[in-house]
Amino acid sequence: MSPTAQTLNEPWGDGRDATRAVDAAAPAPYMNPYLAGIGLGLVLLAAFVIMGRGLGASGAVNAFVAWVVGSLAPAHAQSNAFLAEYLGDGTTHPLKAWLVFEVLGVFAGALLSGLLAHRVRVSVEKGPRVSAGLRLALAFSGGATMAFGAALARGCTSGQALTGGSMLNAGSWVTMLAIFGGAYALAYFVKWQWR
Amino acid sequence: MNTPFYKYGAFGDETSLVVAFVIGIGFGFFLERAGFGSARKLVSQFYLNDLAVFKVMFTAIVTAMLGTTYLAWMGVLDLSLVYLTPTVLWPQLVGGLVLGIGFVIGGYCPGTSVASVATGRLDGLAFVLGLPVGTLLFAEAFPWIRGFYENGSVGVQTLPGVFDLPYGLVVFAVVLMALGGFAGASWIEKKFQPR
């Protein structure tokens, strides 16, 4: 058995991590945060100059949910003011939306970066004291919580904090500061997840 | 040259989806480069031993903000044609807190979770699966929370508008704040190094 095949089948470390390698080469270190920030800022600037809008993520989820509900229960979706906005007048498919295509690009770009740096690994990221199942449940709950918050705030860390922050949008700065406030307030109580 | 190109009719809706995908690639690439496909890296921001989230985010905000400011000053970019999410104070404050709580529980935010799935994280996949559930809960609750959703609506509002200060002065203040924050971040990281 080649070393590559072996790392594909053997869990790392003591096995508690349930981490398996897909890429046998050592992962490259992350980019300097200031350089990565300049790169991200230039991408955001390009979006402003080319499109007249910034980046986003949660809006794509809203479009997806509107499409699913609209397919299963059309009348129910149309009568819901929040979902109806993403369904439009019915002439355009709800998934044919700018943010949906942008998010598909995010997946492709992250995969490209990860492959180039040998960082693509099938893994569950967690601390040693929690089971993989508990970590997955926490991640799922966190995703649901953030989507609810993003709908209320009219955007998430991408659309509000990053995009609106750089445009000096007042509501975006309120949202951004509240995100940090909420996260720091709860951080101590969920630290067991990581150590 | 008049920009935003899309707003001046340089290309149509179909092309804008291609632009969305390409810009998304850039977004995802730099998120992954910065290490933001990793929940542990992201939540370290809230345990103060790695402030890359702050550094990357504020470098990106300053880069895009200076870019839009200079391009507007040179008459190349019409800032009034860049989309700004309207400010609705109370739901954005509460939504931000909920976003922060979900962030520290789940370990990702909507955008970074896509980068985590692209690099093989199963907890990232659980987070992504939670997103539409949270959105659906919000949509179903929408008829009851609509009053709060609109509470504190002041329309499109920028920080220079709120504080009645020149745009350039607020830009300068944000740059100073970011530079101070970067210096402070390095100091905090040294103090909170995990033993």
Exercise for the section: Report ³J(HN,Hα) in whole Hz for each residue of the stretch B:120-125, in order, from the Karplus equation J = 6.51 cos²θ - 1.76 cosθ + 1.60 where θ = phi - 60°; Gly and Pro get x. Expected result: x, 7, 6, 5, x, 5
Practice task
Using only Cα atoms, find the angle between the long axis of helix A:33-51 and the longest principal axis of chain A, and express it within 0 to 90 degrees, rounded to the nearest 10.
Solution key: 30
Exercise for the section: Please report how far the C-alpha centroid of the stretch A:145-195 lies from that of the stretch B:1-51, rounded to the nearest whole angstrom. Expected result: 17
Handout entry: Computed helical MRE - 222 nm, chain A, DSSP H runs ≥ 4 contributing -39500 (n - 2.57), nearest 500
Key = -18500 deg cm²/dmol
Fill in the blank from the handout: Taking protein heavy atoms only, a 1.4 Å probe, and rounding to whole percent, the accessible area of the stretch B:13-191 owed to carbon and sulfur comes out at 73
Practice task
With a 1.4 Å probe and every protein chain left in place, tell me how much accessible area residue B:65 has, in Å² to the nearest 10.
Solution key: 0
Fill in the blank from the handout: The pairs in A:96/B:55; A:96/A:191; A:191/B:55; A:126/B:190; A:96/A:126 lying past 28 Å Cα-Cα in this model are A:96/B:55; A:96/A:191; A:96/A:126
Exercise for the section: On the full set of protein chains, 1.4 Å probe, figure out the accessible area of residue B:8 and give it in Å² to the nearest 10. Expected result: 110
Completion exercise
In the neighbourhood of residue A:54 defined by beta carbon distances under 14 Å, the net charge of the other residues (Lys, Arg +1; Asp, Glu -1) is +2
Practice task
Assign unit charges at the C-beta atoms only (+1 for Lys and Arg, -1 for Asp and Glu), then state the dipole size of the stretch B:13-191 relative to its Cα centre in Debye, rounded to the nearest 20.
Solution key: 660
Exercise for the section: Might you tell me the accessible area per residue for the stretch B:13-191, computed with a 1.4 Å probe and given in Å²? Expected result: 40
Completion exercise
In nm, the gap between the two label points placed 7 Å beyond Cα toward Cβ at residue A:85 and residue B:163 is 2.8
Handout entry: Chain-alone versus full-assembly comparison, the stretch A:91-108, residues with accessible loss of at least 10 Å² (1.4 Å probe)
Key = A:96, A:98, A:101, A:102, A:103, A:104, A:105, A:106, A:107, A:108
Handout entry: Distance histogram in 5 Å bins (all Cα pairs of chain A, percent per bin)
Key = 1, 6, 10, 13, 15, 17, 15, 11, 7, 4, 1, 0
Handout entry: Long-range HN-HN contacts of residue B:153 with modeled amide H, under 5 Å
Key = B:89
Completion exercise
Output for the stretch B:13-191 (equivalent-ellipsoid semi-axes, sqrt of 5λ from the C-alpha gyration tensor, Å, descending) is 27, 24, 20
Exercise for the section: Enumerate the whole-percent occupancy of each 10 Å bin, from 0 to the last occupied one, for all C-alpha pair distances of the stretch A:67-143. Expected result: 15, 24, 29, 23, 8, 0
Completion exercise
Rounded to the nearest 100 Å², the accessible area hidden between A and B, summed over both chains at a 1.4 Å probe radius, is 10300
Exercise for the section: State the Cα centre-to-centre distance between the stretch B:70-111 and the stretch B:134-195 in whole Å. Expected result: 7
Exercise for the section: Determine the gain in length on full extension of the stretch residue B:137-residue B:13; use 0.36 nm per residue of separation and subtract their C-alpha separation, reporting nm with one decimal. Expected result: 41.6 nm
Handout entry: Å² per residue, accessible surface of chain A at 1.4 Å
Key = 42
Fill in the blank from the handout: Taking the chain alone as reference and the full protein assembly as comparison, with a 1.4 Å probe on protein heavy atoms only, the residues of the stretch B:102-120 that lose at least 50 Å² of accessible area are B:104, B:105, B:110, B:114, B:118, B:119
Practice task
Could you calculate, for the protein assembly as shown, the ratio of the Cα radius of gyration to the Kirkwood radius, expressed as Rg to Rh?
Solution key: 0.96
Practice task
Return the distance in nm (one decimal) between the two label points of a simple spin-label model at residue A:96 and residue A:116, each offset 7 Å from Cα along Cα→Cβ.
Solution key: 3.3
Problem - Mean ellipticity per residue at 222 nm, deg cm²/dmol - from DSSP H runs of n ≥ 4 across chain B, formula -39500 (n - 2.57) - result: -23500 deg cm²/dmol
Completion exercise
Under the 7 Å Cα-to-Cβ spin-label approximation, residue B:156 and residue B:175 lie apart by a distance in nanometres of 2.5
Handout entry: Dipole in debye (nearest 20) - the protein assembly as shown, about Cα centre, beta carbon charges: Lys, Arg +1; Asp, Glu -1
Key = 1100
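The values are calculated or read from the model by the stated rules, or taken from the named source; none is laboratory data. Keep in mind it's a predicted model, so treat the numbers as computed, not measured. Here the Cβ is made from the backbone with ideal geometry for all residues, glycine too, and neighbour counts use every protein chain on show. When the accessible area is computed, the model is the full protein with side chains, heavy atoms only, and any ligands, DNA or RNA have been set aside. Shrake-Rupley method; radii C 1.70, N 1.55, O 1.52, S 1.80 Å.
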